[in-house]
Amino acid sequence: MQLPPALHARLAGAPGSAEPLPVERDPAARTAPFRFAPRPVRFPREHDFFEEGDVQRHLYLQDVLMQVGGAPERPRVPEFTCQVAGCCQVFDALEDYEHHYHTLHRNVCSFCKRAFPSGHLLDTHILEWHDSLFQILAERQDMYQCLVEGCTEKFRTSRDRKEHLVMRHLYPADFRFDKPRKSRGPVMPGAAEQVLAEALGDDGVPSEGDAMEVCSEHVEPPPVPAGERRAYSHRCLARI
Amino acid sequence: MLRGGGATVPPAGAGALRKARREQQLVSKRLLRDEALEEAEEGCVAMIFGEAEIQQFLQLAQRGTEEKEREGALVSLRRGLQRPETQQTFIRLEGSIRTLVGLLTSNQALLQLEAARCLHELSHSEQSAVVEACLPATSYLLTYLSGHSSDFIELCLYTLGNLIVESEAVRRQLLPQGIVPALAACIQSPHLTVLEALGYALSQLLQAKEAPEKIIPSVLGSTLPQHMLQLLQPGPKLNLGVAVEFAWCLHYIICSQVNNALLITQGALSTLGLLLLDLAGAVQRTEDAGLELLACPVLRCLSNLLTEAAAEAVGGQLQLRDERVVAALFILLQFLLQKQPSLLPEGLWLLNNLTANSPSFCTSLLSLDLIEPLLHLLSVSNVVSVLVLTVLCNVAEKGPAYCQRLWPGPLLSSLLDTLAFSDTEVVGQSLELLQLLFLYQPGAAQAFLQQSGLQALQRHEEVAQLQDRVHALQQTALHG
């Protein structure tokens, strides 16, 4: 299919169009038995016209056709340590470090050192746990905000909020990022270890039940003796 | 993978895929395999694990003393979960999902990542029981979308995408759990890998059969469309992988015809038009495989949007009269002819919608000398031929000024060729075009007779759908 050479230049040129030729229709044109009439065509979702392209889209997603972007390579680097004070986790790949950092150090409550999966949950936590004004206001009005992004509902108690999460948003009743506090007042720093000790059972995984506040815990690690670091070493963290 | 009726081995070949698509059973899933991980594990064939082994891995993962040990247990489990038998055993084991979710939400970053990979393996299953066993994890997957670890978010998104496509039960849960606002927040991520994964997940959501009623309205009500259009803006920041996903998302929305007027007010026509120009430029510059993956949904979106009444309203905008669009389309048609001829109908569909009611675009076809290239496509297939002839009719029906520019030239001999086709639709469209030429172009009938046109018509005299028109043309040719 030979295209006129000027076409490519036209594409690169300025927007615009030629003056349209005059339109002059003869009514005899659409007289029976002839029936042509120009019309834009619309195809709905399931139309067979889309079959070919859909099959190719499918193959693409199946990575048969080609790879548009390969999976990221993980170059190994010389071992390095997490720079956050008190954390001595060692890494030899940047992506692993990135995930570690974001999971454990990024959204950390400066009061109680708990780590959260997102800034949104951290903000909610600080408000509900460490803000005395919140406690006062909560006695008079609905202050407990729904945790689902985009939902603006507020509730009188965290229990009401939980019920809303379960009924309205189909969240699990034991959703880990919504545990009620035990005590009334704001949680003071230093309470973390005690809470941690309470929170964890023998199986090493935070166990269920109302008694504990389980968010991703981050505990101040005891210092590690030099010379004992290995990739992914976790000896410096308290055993959980 | 195809969802066959209990078949374990997917049938090979595009023919089987077409059949699946016709039966609306074409299910795409993407398996994110970390290439580096695969290399490291080369030579290890995925084993089938029994209950006892799975128990062991889970216990070690939960309670092992060494971090490396715990991770290793999950890595082994993940490998096993590549086998459907192991998946089945896993989901039947009491507490297994619960434990996995526990590890997914633990504060051990690398365990978390491995647990997410196990979940991802499960999400790829063709068996809905396995996929639905992952339901307890969805609220967490959504929560993690607001995090910051791009690798992890990417994994969660692909997992969600796989779960979404496989099971309506999953979708029924994800919507009230807030998947649309979660995606709307996540789409602001600067990471291309996250965006591509998000596009994939969203495209699967939009493709659901209940999407027009239950999903697309809330997507249209969110900030997602604006962000999608932004990610489709041509320019140095346009990423092919990301653009492909969101172009398909737009296609599923548009062809569902829920509220296309809204998309038009948000500038969809303008953005897509500019993207078309950009694509044509890219196609000239590089032999890069993959541009047709983006061309296809863009062509579809533009074609369907042009049928909206709202499109007429914005017709004053330069983009819709800009003849560079026609130039771009032909460059793409040439590209498709070489690379993927089966997509030519989609390109010609757009050409039809552009030219049908537009004297301006019809004039562009003539002034840019595109009639002859168009005629070259007549030999590709019947479907393509019908579309080419339809476009030519779009031009011819506008009157003598247009037909004059179609004449003389190769048009007549091309028409005589198409009259030799046996396909009724091709011949029918040729007859329509002939009639217009006879009507508006003096000398056309005469030339037709001289080139043995009557004989060409004769062979169709007995065909029911054609005979009336054949006779009428014979009369006109002979008697004027």
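The values are calculated or read from the model by the stated rules, or taken from the named source; none is laboratory data. Given the structure is predicted, the values throughout are model-derived calculations rather than measurements. Ideal geometry is used to build each Cβ from the backbone, glycine not excepted, and the neighbour counts take in all protein chains shown.
Here are the numbers for the structure shown:
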quantity	calculated
Residue among B:Ser167, B:Ser123, B:Ser128 that is in contact with a Leu (Cβ under 7 Å, 6 or more places away or on another chain), more than 8 Å from every other protein chain (Cβ to nearest Cβ) and of a type in the set (S, T, N, Q)	B:Ser123
Test: residue in the range B:152-167 that is out of contact with any His (no Cβ under 6 Å at 6 or more places or on another chain) and polar (S, T, N, Q)	yes
Selection from the range B:154-169 of residues that are under 24 Å from A:Cys146 (Cβ atoms) and surrounded by fewer than 24 Cβ atoms within 10 Å (Cβ to Cβ)	B:Ala169
Residue pairs meeting the criteria (Cβ under 9 Å; at least 6 apart or on separate chains; first more than 7 Å from chain B (Cβ to nearest Cβ) and at positive phi, in the range A:100-118; second part of a loop (DSSP other than H, G, I, E, B) and β-branched (Val, Ile, Thr))	A:Lys113/A:Val219
Criterion: assigned to a helix (DSSP H, G or I) and either surrounded by 22 or more Cβ atoms within 10 Å (Cβ to Cβ) or β-branched (Val, Ile, Thr) (or both) - qualifying residue of B:Gln226, B:Gln204	B:Gln204
Pick from the range B:93-107, criterion hydroxyl-bearing (Ser, Thr, Tyr) and within 9 Å of chain A (Cβ to nearest Cβ), ranking: nearest to B:Leu81 (Cα to Cα)	B:Thr99
Residue count for the range B:77-96, restricted to those that are modelled with pLDDT of 90 or more and either in contact with a Pro (Cβ under 6 Å, 6 or more places away or on another chain) or polar (S, T, N, Q) (or both)	5
Options B:Ser430, B:Ser452, B:Ser413; residue that is polar (S, T, N, Q) and within 30 Å of A:Arg10 (Cα to Cα)	B:Ser413
Unique match (being at pLDDT below 95 and more than 22 Å from the chain's Cα centre (by Cα)) among B:Ala282, B:Ala327, B:Ala310, B:Ala289	B:Ala310
Conditions (1) modelled with pLDDT of 90 or more; (2) over 22 Å from B:Gln429 (Cα atoms); (3) in a loop (DSSP other than H, G, I, E, B); (4) not hydrophobic (A, V, I, L, M, F, W, C): number failed by A:Gln67	(1)
Counted residues, the range B:417-432 - those being surrounded by 16 or more Cβ atoms within 10 Å (Cβ to Cβ) and small (Gly, Ala, Ser)	2
B:Leu58 vs. criteria within 9 Å of chain A (Cβ to nearest Cβ) and either at pLDDT below 90 or not in a loop (DSSP other than H, G, I, E, B) (or both)	no
Total residues in the range A:1-34, condition more than 7 Å from chain B (Cβ to nearest Cβ) and closer than 17 Å to B:Tyr440 by Cβ	3
Tally, over the range A:42-61, of residues that are part of a loop (DSSP other than H, G, I, E, B) and surrounded by fewer than 16 Cβ atoms within 10 Å (Cβ to Cβ)	3
Test: residue in the range A:138-153 that is under 23 Å from B:Pro176 (Cβ atoms), out of contact with any Cys (no Cβ under 8 Å at 6 or more places or on another chain) and part of a helix (DSSP H, G or I)	no
Every residue from the range A:115-136 that is in a loop (DSSP other than H, G, I, E, B) and either of a type in the set (Ser, Thr, Tyr) or in contact with a helix residue (DSSP H, G or I) (Cβ under 7 Å, 6 or more places away or on another chain) (or both)	A:Phe116, A:Pro117, A:Ser118
Selected residue (criterion: farthest from the other protein chains (Cβ to nearest Cβ)) from residues of the range B:359-385 that are buried (at least 24 other Cβ atoms within 10 Å of the Cβ) and within 27 Å of the chain's Cα centre (by Cα)	B:Ser385
Selection within the range B:339-377 - among the hydrophobic types (A, V, I, L, M, F, W, C), closer than 21 Å to B:Glu312 by Cα and part of a loop (DSSP other than H, G, I, E, B)	B:Ala356
Complete set of residues in the range B:387-416 that are more than 11 Å from every other protein chain (Cβ to nearest Cβ) and surrounded by fewer than 21 Cβ atoms within 10 Å (Cβ to Cβ)	B:Trp407, B:Pro408, B:Gly409, B:Pro410, B:Leu412, B:Ser413, B:Leu416
Sole residue being more than 15 Å from B:Arg63 (Cα to Cα), acidic (Asp, Glu) and touching a residue at least 60 places away in the same chain (Cβ under 8 Å), chosen from B:Glu132, B:Glu126	B:Glu126
Any hit, the range B:185-197, residues being under 25 Å from B:Arg78 (Cα atoms), touching a Ser or Thr at 6+ places or on another chain (Cβ under 6 Å) and charged (D, E, K, R)	no
Evaluation of B:Phe246 against (1) part of a helix (DSSP H, G or I); (2) more than 12 Å from every other protein chain (Cβ to nearest Cβ); (3) touching a Leu at 6+ places or on another chain (Cβ under 6 Å); (4) surrounded by fewer than 24 Cβ atoms within 10 Å (Cβ to Cβ) (one fails), failing number	(4)
